[in-house]
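Quick notes on the structure that follows.
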Amino acid sequence: MEVTNTEGGPVCCSWGSLARQVGQTGVPLRQLCSILVVSSSMLQVGLLLGWPAVLPAMQADNSTAINITDYDVSWLVSSVGLAGMLTNLPSGFLIDFFGYRRLLTMCLLPVSASWFMQAFTTSISLLYAGRILGGMAVMLFNTIVPPLTIELVEPTYRGFLACGSEIVVSFGVLLAFVMADFLHWKTVTILSGLPFIPIFFLSLGVPESPFWLVRAGRVKEAEAALIKLRGPARRPAAQDELLQIQRSIREQPQTRFMEQVHQIVVPHNLRPLLLVSAVMILRELGGQFAIFSYAAYFFATAGVMINPLTCTVLVGVMRLISTFTCAFLLDRVGRRIILMAGCSCCAISAAVGGLFLLWEVQGSSWVPLVAVLAFAFGYGFGVCPIPWILMGELLPTPVRVVGSTIVVFIFSAMQVFVGLMFPRLVDEVGLGGSFLVFAVFNTFLAVLVRLFLPETASQSLHTLEHAFDRANSTTVPLKTTPDKKTTPVDETGTSHEPLL
């Protein structure tokens, strides 16, 4: 099946078709290489999320001078979100001044330094400092990578390549779990810092966002970046794309960060921001941060008859497999259906696991493991990657920097809240009750997506900027095609779903 995007061009519907395009023209290869480098920075997110799996071994290690209490564990887990809240206050100004790609490059070597600081310290204070420094980089990456990815690639490949960052995150989580199972915690920490040194040098060859360059008045550099990404043979198409970017920014001519702050309250800009923020809040209240960060403690407490670290490795494998599956289907099926399916899977698995833990059914110690594996699959299948893709796709170009800053700040605040409250929630209602709470919020997320989220697959960013206009929120005639479901379309042929 082949579908058509809003510009009338064919949309690749599988990794196989993308590979054929690479082999035949070499054009997508330029975008693919750039996105691979940008996405590889998100390894930091996965490693930082999975690293707490070493904490039980650190607590039991009598040879280290660092004394880690249960109180320290909750704060070491939550410090990532706390650092993110502090980082997001100036992140918009930093992106506005340096640009997405340059700021990304500037953060990579300090990331390595933060890991080495944790590995070689004998002080709990420096362990916190390294964790906070790494968390600051994580939240900058979360602010930078999704919009930069969306702005570098064509709509044809956006779903595939935008999933790359979450595949890297899932791989980082799995890598941290595997290393924690087989290696000393210091070795795990040292190895976590090494990849970012070569990534730093590779990032120097990635072009800056053409959208950011146009907003900064550097049109010639934007044209050069587009030609580099699309290939010299497609210079006319790159020039047409540049004209569309300029037209999009002229329609709402804001360029600098403070001007974006004033424009964020305009209904046309505020509606998508509220929707993406709500998705992110419910995503975090759904329990993913608690489950992945406290995985080793969870399996030990739940009485699973397998080594807790082995269970965490299985969870990491399941999350990685499901994220790959999401990447294969994202442009073929669409964002809404996959996200609703992922939310439903998380809700059902959390509810089943919670009920079995509450009832303490004899001979069912394997159920919590299966429930968490199903949760990890649902999370990786849609709940993990799609909100970040929506942040890049739905936030209008003129306010994308400040909008991304706000969304990531909310994400960081929710991680602090969940990281600190999860142990207390377990004390109050038990593991089973906690899982039932997570099931409720995942159900709320599925309902929100069903009612308000428009489909963004294969739509140009220029088209998506008008998705939340009041005129597009009304019911419009239906258009039927032999290969796709019946969807509302306007007079331009652009499909629309129910909106805020």
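The values are calculated or read from the model by the stated rules, or taken from the named source; none is laboratory data. Note that the structure is predicted; figures quoted are calculated from it, not measured. Note: ideal-geometry Cβ built from the backbone for every residue, glycine included; neighbour counts use all protein chains shown. We work out accessible area using only protein heavy atoms, side chains counted, and drop any ligands, DNA or RNA first. Shrake-Rupley method; radii C 1.70, N 1.55, O 1.52, S 1.80 Å.
In degrees between 0 and 90, to the nearest 10, how far off the longest principal axis of the chain does helix 15-25 point, with axes built from Cα atoms?
So the inclination is approximately 50 degrees.
Compute the angle between helix 366-378 and the longest alpha-carbon principal axis of the chain, please, reported from 0 to 90 degrees and rounded to the nearest 10.
Computed tilt is about 20 degrees.
What whole-number value in cubic angstrom gives the convex hull volume per residue for the C-alpha atoms of the range 35-96?
In the range 35-96, the Cα convex hull volume per residue is 117 Å³.
Report the rotationally averaged projected area of the range 168-208 based on its alpha-carbon convex hull, in square nanometres.
Over all viewing directions, the range 168-208 projects a mean Cα-hull area of 3.4 nm².
Compute the signed sum of charges (Lys and Arg +1, Asp and Glu -1) over the other residues within less than 13 Å, Cβ to Cβ, of S404.
Summing Lys and Arg as +1 and Asp and Glu as -1 gives -2.
Quick check: the distance between the Cα centres of the range 65-98 and the range 436-468, to the nearest angstrom?
The distance from the Cα centre of the range 65-98 to that of the range 436-468 comes to 28 Å.
So what is the 222 nm mean residue ellipticity for the chain from helices alone, if each DSSP H run of at least 4 adds -39500 (n - 2.57) and you divide by all residues, rounding to the nearest 500 deg cm²/dmol?
For the chain, the value works out to -24000 deg cm²/dmol.
How much accessible surface does Y294 have with a 1.4 Å probe, in Å² rounded to 10?
Spelled out: Y294, probe radius 1.4 Å, area about 20 Å².
Among 145-152, 193-200, 55-62, how do they line up by average Cβ neighbours within 10 Å per residue, starting with the highest?
Going by the mean number of other Cβ atoms within 10 Å, highest first, we get 145-152, 193-200, 55-62.
With the full set of protein chains in place, find how many percent of the accessible area of the chain is carbon and sulfur; take the probe as 1.4 Å.
Whole-percent figure for carbon plus sulfur exposure: 68.
Give the ranking of F324, F435, F381 by solvent-accessible surface, highest area first, calculated with a 1.4 Å probe.
My answer, sorted largest first, is F324, F381, F435.
Subtract the Cα-Cα distance of I124 and L191 from 0.36 nm times their separation in residues, and report this length gain in nm to one decimal.
Stretched fully, the I124-L191 segment lengthens by 22.1 nm.
What is the sum of charges around V418, taking Lys and Arg as +1, Asp and Glu as -1, for the other residues whose C-beta is under 12 Å from the C-beta of V418?
Within the 12 Å Cβ shell, the charges total +1.
What number in nm² do you get for the chain if you take the convex hull of its Cα atoms and divide its surface by four?
For the chain, the mean projected area of the Cα convex hull comes to 22.7 nm².
With labels modelled as points extended 7 Å from the Cα through the Cβ direction, what inter-label distance (nm, one decimal) is found for V265 paired with D61?
5.1
At a threshold of 8 angstrom on Cα-Cα distance, excluding pairs fewer than six apart, so keeping six or more, what relative contact order does the chain reach in percent?
23
Taking only protein heavy atoms and a 1.4 Å probe, what accessible area per residue, in Å², does the chain have with all protein chains in place?
Value returned for the chain: 38 Å² of accessible area per residue.
Place a +1 charge on the Cβ of each Lys and Arg in the chain and a -1 charge on the Cβ of each Asp and Glu, then give the dipole magnitude about the Cα centre in debye, rounded to the nearest 20.
Dipole magnitude for the chain comes out near 800 debye.
Counting only protein chains, not ligands or nucleic acids, how are T187, T463 ordered by accessible area (probe 1.4 Å), most first?
Descending accessible area places them as T187, T463.
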